[in-house]
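Novice: Take this structure first; my questions come after.
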Amino acid sequence: MYNRTQNENGTYNTRCLYCLLTIATSVETDEDLQRLEAQHICPERALSELLAKESAIVAHASRN
Ligand SMILES: [Zn+2]
C-alpha cells in the first residue's frame, strides 16, 4: 500500500502507508515507482503480517 503524489513538474513521490516513510521523491516513471516500492522492506508491514499469522494460529488452535 503506497500513497503516490504528483509534483508540479510532473514527477512523483511515493510514501508507504504502513510506516509513513517517504520511499522516493521526484520519480519520473511508473516503472521506477514500482521498482522503488518493491525495494522497500517495511518493518510495520512485516509486523502486521506476523500478528495476522499468529492470530490465525490462535484461532485455529482454539477450534480443537
Ligand atoms: Zn513501510
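Novice: Give the calculated FRET efficiency between Cys19 and Ser62 to the nearest 0.05, with a Förster radius of 25 Å applied to their Cβ-Cβ distance.
Specialist: Approximately 0.20, to the nearest 0.05.
Novice: Now for a different question. Hey, could you get me the Stokes-Einstein D for the range 2-63, Kirkwood radius over alpha-carbon pairs, 20 °C and 1.002 mPa s, rounded to whole µm² s⁻¹?
Specialist: 161
Novice: Let me ask another. Expressed as a rounded percentage, what relative contact order does the chain have, with Cα pairs under 8 Å and six or more residues apart?
Specialist: Dividing the mean separation by the residue count of the chain yields 22 percent.
Novice: Quickly estimate the mean residue ellipticity at 222 nm for the chain, helices only: each DSSP H run with n ≥ 4 gives -39500 (n - 2.57), and the total goes over all residues, rounded to 500.
Specialist: When only DSSP H runs of four or more count, the value is -16000 deg cm²/dmol.
Novice: Once phi is turned into θ = phi - 60°, what whole-Hz ³J(HN,Hα) does the Karplus curve with 6.51, -1.76 and 1.60 give for every residue of the range 8-14, x standing for Gly and Pro?
Specialist: Once θ is set to phi - 60°, the couplings for the range 8-14 become 5, 8, x, 7, 10, 10, 9 Hz.
Coordinate-derived values only; no laboratory data. Quantities reported herein were computed from a predicted structural model and do not represent experimental measurements. FYI the Cβ positions are ideal-geometry reconstructions off the backbone, even for glycines, and counts take in every protein chain you see.
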